[in-house]
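Asks: Have a look at this one before I ask anything.
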Amino acid sequence: MKYISVPLDLEYRYSFIRRDGRITLSREAADPSAVFWRGKYYIFPSMSKGCYVSEDLSHWEFLPLKGLPFYDYAPDVCVHGEYLYLCASKRDAVCNFYRSKTFPEGEFEEIEGSFPFWDPNLFFDDDGKVYLFWGCSNLTPVYGVELDENTMRPKGEPAVLLEGRHRVIGYERLGEDHFFDPETSATLKMLKDKLSPMLKKPASELTKEDVMKTLPPEQQEVLKKILLDSPYMEGAWMTKYKGKYYLQYAAPGTEFNIYGDGVYVADSPLGPYTLAENAPYSYHPGGFITGAGHGSTFRGEGALWHTSTARISRTHFFERRLGLWKAGFDEDDELYCDQRFGDWVHAVEDAPFKAPRWMLLSYQKPCTVSSSPEDAKNITDENIRTLWQSAEQQGTVTLDLTKGYKVHAVQLNFGDNFGSVSLPARGEEEMKAHGRYIDDEKFPLRWYLEYSEDGAQWQMWEDHRSAEDDRAHPLLVNEEGISLRYLRLTVTEMPYGQNACVSGIRVFGVSDCPAPAPASNVRLSLEEDGEGFFAEWQGNAVGYNVLWGHAPEKLYHCYQVLGTTTANVRALVKGRSCYVRIDAFGEGGVTEGETLCLVP
């Protein structure tokens, strides 16, 4: 078997970015475009100066590339005939197209474009026609246009395909859990960063009014519109199935836990489009790492998959990772994505919606650390945005599961928490040209993991002390299982010499505990606007999956919560009935709840 978890186990690239009058340093990969090309899988993400390649979807290697616009966001790739095509985003310059018959060995041929676009998706229909879909704004829609296959120039005027409808579509509402605060706008944050040196004030202390005062009246009006609660409509991706066109799009904003992908359906590429009954399509607002927006749906050897953007947004609001989930079409040709237990360990070969092979064993388990004990709880709180950082470059974490288990998988998660950093000389030219520097240098991340049944006698699980790679989220799997109670992680070297930094140790396996009791006394209340519901229940399970869908057998959406018996699900479509089920889970398994109906 081959296994995956989220974040994907990749070598994520570091970027130096000017922010708040200083340089920040963090990893970023987002907006993934994936294809199956000549027997291998390729993922092209933003800000990576290359792509990732795999033969099995489980083990990925980074492939550096040159001669392509990798400082342009949202690279799009697709396969047509003998060619692999690529394009990317620009707002103020013409975007060109690139293609290669010999990728990855050969060079790309450049085809001159004729207009700028952002978040492109190139689609070759089976009737020989070519289309481009694009858009990334809360002021403008998602567009589509037919292109000439030879010149790649538009054959007509762009058609408006999708516009934000957040007064009807709940999952398009901005904000954490769809509660919007204008001060959290990514656009406003970027403006604060740029104005901070001029105003001689930290960006974190600037207000919206401070920014407004620096702008001429016409630009103030534009900013006011941008800071409205309208969603960003972006990240288009087309999938064709049985003669229908499934246009996926991302909303409402990448920095929120609720960033996801919706889907519309049409009989022709340029519409008209109707919102799918089971929208949203990709939505992962809870769990260890949240967010599942702006991605791509691709078919490999038989199965359909969806890769998308997962949010950290701690050091920088564009600090992001990649996720990968099983997708498919049901018997009614509805497109779905399986994100139940969406960031746990799953076998690539398992069918969608299959119960986990191994349960989470580490939630809120105690850790002993070599220093900074006040933050030790962050290691097992199932939140990638919290950290433990050693007071020294090297550090040790000892995790006590409190009893013996058969452990099958451990996901280690290393964070970044740099203080003041300086731009290396090798990055000055690219920083001037692009406002950031994606570091070409490779800095190994070294550690070793031991296990013990009694806390006295230790054995090695994985020795990574001589490694040359830089994997921030390594997944270690032992299919037979290892009997243990304790795990001890020793970090010996972090990139750029930063002190040991861990954002999570997650342990999966089997237990002799019984499955939890089902959620009881479930109460559901529909929001007044009909775009969400509040759920509360009683129980003492480790966590709960709040499932919902437009039919009782189509509970495709999931909001996972841990340590609580309430959930705010604000992702409904106004006027549509909704079926809800709350499943309890713990170390002993999953217990399904009763399916209830919410009628508008």
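The values are calculated or read from the model by the stated rules, or taken from the named source; none is laboratory data. Owing to the predicted nature of the structure, the values given are computational and were not obtained by experimental measurement. Positions of Cβ are generated from backbone atoms using ideal geometry, with glycine treated the same way; all protein chains shown enter the neighbour counts.
A quick yes/no check of all residues on (1) assigned to a strand (DSSP E or B); (2) among the β-branched types (Val, Ile, Thr); (3) more than 17 Å from Glu319 (Cα to Cα):
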| position | (1), (2), (3) |
| --- | --- |
| Tyr249 | yes, no, yes |
| Asn257 | no, no, no |
| Asp261 | yes, no, yes |
| Val265 | yes, yes, yes |
| Ser268 | no, no, yes |
| Ala279 | no, no, yes |
| Gly286 | no, no, yes |
| Gly295 | yes, no, no |
| Gly302 | no, no, yes |
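Asks: What pairs come up if the first residue lies in segment 276-304 and is on the phi > 0 side of the Ramachandran plot, the second is among the aliphatic types (A, V, I, L, M) and at pLDDT 95 or above, and their beta carbons are under 7 Å apart, counting only those six or more places apart or on different chains?
Replies: Sorted first by the residue in segment 276-304, then by its partner, the pairs are Gly291/Ala310; His294/Ala30; His294/Ala250.
Asks: Moving on to the next point. What's the number of the condition Gln220 fails, among (1) out of contact with any His (no Cβ under 9 Å at 6 or more places or on another chain); (2) assigned to a helix (DSSP H, G or I); (3) closer than 30 Å to Ile289 by Cβ?
Replies: (3)
Asks: Restricting to segment 121-159, count the residues that are under 27 Å from Leu227 (Cβ atoms), surrounded by fewer than 17 Cβ atoms within 10 Å (Cβ to Cβ) and among the β-branched types (Val, Ile, Thr).
Replies: 1
Asks: OK, next. Among the candidates Leu489, Leu526, Leu476, Leu484, which residue alone is at pLDDT 95 or above, closer than 20 Å to Asp454 by Cα and under 29 Å from the mean Cα position of the chain (by Cα)? Lay out the reasoning, then the answer.
Replies: Working: Leu526 fails: closer than 20 Å to Asp454 by Cα; Leu476 fails: closer than 20 Å to Asp454 by Cα; Leu484 fails: under 29 Å from the mean Cα position of the chain (by Cα).
Going through Leu489, Leu526, Leu476, Leu484 in turn, just one is at pLDDT 95 or above, closer than 20 Å to Asp454 by Cα and under 29 Å from the mean Cα position of the chain (by Cα): Leu489.
Asks: The conditions are (1) in the same structural domain as Thr380 (by TED's automatic domain parsing); (2) surrounded by fewer than 17 Cβ atoms within 10 Å (Cβ to Cβ); (3) within 27 Å of Asn378 (Cα to Cα), and Glu479 fails exactly one of them. Which is it?
Replies: (3)
Asks: Something else now. Run down Asp193, Asp126, Asp119 and say which single residue is in a loop (DSSP other than H, G, I, E, B) and under 30 Å from His284 (Cβ atoms).
Replies: None of the other options fit; the residue is Asp119.
Asks: I would also like to ask the following. Take the conditions touching a His at 6+ places or on another chain (Cβ under 9 Å), assigned to a loop (DSSP other than H, G, I, E, B) and buried (at least 17 other Cβ atoms within 10 Å of the Cβ) and apply them to Pro356. Does it pass?
Replies: Yes.
Asks: In addition: Testing Tyr143 on (1) within 30 Å of the chain's Cα centre (by Cα); (2) closer than 24 Å to Tyr241 by Cβ; (3) touching a residue at least 40 places away in the same chain (Cβ under 8 Å), one condition comes back false. Which one is that?
Replies: (3) is the only condition that Tyr143 fails.
Asks: When only residues in segment 314-343 that are of a type in the set (A, V, I, L, M, F, W, C) and within 14 Å of the chain's Cα centre (by Cα) count, which is nearest to Cys558 (Cα to Cα)?
Replies: Applying the filter and picking the extreme gives Cys337.
Asks: Identify, from the list Ser100, Ser114, Ser89, the residue that is polar (S, T, N, Q), in the same structural domain as Glu301 (by TED's automatic domain parsing) and within 30 Å of Gly260 (Cβ to Cβ). Please lay out each step first, then the result.
Replies: Working: Ser100 fails: within 30 Å of Gly260 (Cβ to Cβ); Ser114 fails: within 30 Å of Gly260 (Cβ to Cβ).
Answer to the check: Ser89.
Asks: Take the residues in segment 97-116 that are without any contact (Cβ under 8 Å) to a residue 40 or more places away in the chain and in a strand (DSSP E or B), then tell me which one is surrounded by the fewest Cβ atoms within 10 Å (Cβ to Cβ).
Replies: Glu109
Asks: When you scan segment 264-286, do you find a residue that is out of contact with any Phe, Trp or Tyr (no Cβ under 8 Å at 6 or more places or on another chain) and either among the aliphatic types (A, V, I, L, M) or not assigned by TED's automatic domain parsing to the domain that holds Arg19 (or both), even just one?
Replies: The answer is no; no qualifying residue exists.
Asks: Could you list, in sequence order, the residues of segment 321-351 that are in a strand (DSSP E or B), under 28 Å from Lys240 (Cβ atoms) and out of contact with any Leu (no Cβ under 8 Å at 6 or more places or on another chain)?
Replies: Passing the criteria: Trp325, Leu335, Tyr336, Cys337, His346.
Asks: Could we say that Trp458 is of a type in the set (Phe, Trp, Tyr), surrounded by fewer than 18 Cβ atoms within 10 Å (Cβ to Cβ) and at pLDDT 95 or above here?
Replies: Yes; evaluated as a whole, the condition is true for this residue.
Asks: Wholly within segment 1-96, which strands (runs of 3 or more DSSP E) include no fewer than the required count, namely at least 1 residues that are of a type outside the set (Val, Ile, Thr), closer than 30 Å to Ala203 by Cα and at pLDDT 95 or above?
Replies: It comes to 14-19, 22-27, 30-37, 40-46.
Asks: Is it true that Glu531 is surrounded by 16 or more Cβ atoms within 10 Å (Cβ to Cβ), in a loop (DSSP other than H, G, I, E, B) and among the charged types (D, E, K, R)?
Replies: Yes; evaluated as a whole, the condition is true for this residue.
Asks: What pairs can you find where one residue is in segment 496-523 and more than 30 Å from Phe418 (Cβ to Cβ) and among the polar types (S, T, N, Q), the other is at pLDDT 95 or above and not in a strand (DSSP E or B), and their Cβ atoms are less than 7 Å apart, with a gap of 6+ or different chains?
Replies: Ser511/Leu361; Ser511/Glu587; Ser511/Gly588; Ser520/Gly539
Asks: Would a scan of segment 181-191 turn up a residue that is modelled with pLDDT of 95 or more, surrounded by fewer than 21 Cβ atoms within 10 Å (Cβ to Cβ) and within 21 Å of Asp31 (Cβ to Cβ)?
Replies: Looking for residues that are modelled with pLDDT of 95 or more, surrounded by fewer than 21 Cβ atoms within 10 Å (Cβ to Cβ) and within 21 Å of Asp31 (Cβ to Cβ), one finds none in segment 181-191, hence no.
Asks: Now for a separate question. Does at least one position in segment 73-81 carry a residue that is surrounded by fewer than 24 Cβ atoms within 10 Å (Cβ to Cβ), under 25 Å from Asp193 (Cα atoms), touching a helix residue (DSSP H, G or I) at 6+ places or on another chain (Cβ under 7 Å) and touching a residue at least 40 places away in the same chain (Cβ under 8 Å)?
Replies: Within segment 73-81 (the criterion being surrounded by fewer than 24 Cβ atoms within 10 Å (Cβ to Cβ), under 25 Å from Asp193 (Cα atoms), touching a helix residue (DSSP H, G or I) at 6+ places or on another chain (Cβ under 7 Å) and touching a residue at least 40 places away in the same chain (Cβ under 8 Å)), the answer is no, since none of the residues qualifies.
Asks: Next up: Hey, does segment 398-414 have a residue that's within 20 Å of Ser483 (Cβ to Cβ), surrounded by 20 or more Cβ atoms within 10 Å (Cβ to Cβ), among the aromatic types (Phe, Trp, Tyr) and modelled with pLDDT of 95 or more?
Replies: yes
Asks: Answer with yes or no whether Leu484 is more than 22 Å from Arg385 (Cα to Cα) and surrounded by 19 or more Cβ atoms within 10 Å (Cβ to Cβ).
Replies: In short, yes.
So that you can scan it fast, the table gives a plain yes or no per residue for (1) closer than 27 Å to Leu25 by Cα; (2) modelled with pLDDT of 95 or more; (3) among the polar types (S, T, N, Q); (4) not assigned by TED's automatic domain parsing to the domain that holds Ser26:
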residue	(1), (2), (3), (4)
Arg446	yes, yes, no, yes
His464	yes, yes, no, yes
Glu493	yes, yes, no, yes
Ser503	yes, yes, yes, yes
Glu531	no, yes, no, yes
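Asks: Can you pull out the residues in segment 500-516 that are in contact with a Ser or Thr (Cβ under 7 Å, 6 or more places away or on another chain) and either farther than 24 Å from Val6 by Cα or surrounded by fewer than 17 Cβ atoms within 10 Å (Cβ to Cβ) (or both)?
Replies: Ala515, Pro516
Asks: Looking only at segment 146-163, count how many residues are in contact with a Gly (Cβ under 9 Å, 6 or more places away or on another chain) and outside any strand (DSSP E or B).
Replies: 4
Asks: Separate question: Out of the residues in segment 195-205 that are under 19 Å from Thr315 (Cβ atoms) and buried (at least 16 other Cβ atoms within 10 Å of the Cβ), state the one that is farthest from the chain's Cα centre (by Cα).
Replies: Step one: list which residues in segment 195-205 are under 19 Å from Thr315 (Cβ atoms), which gives 196, 202-205.
In the following step, the residues that additionally are buried (at least 16 other Cβ atoms within 10 Å of the Cβ) were identified as 196, 203.
Working: Ser196: 29, Ala203: 26 Å.
Step by step, filter segment 195-205, then rank; the result is Ser196.
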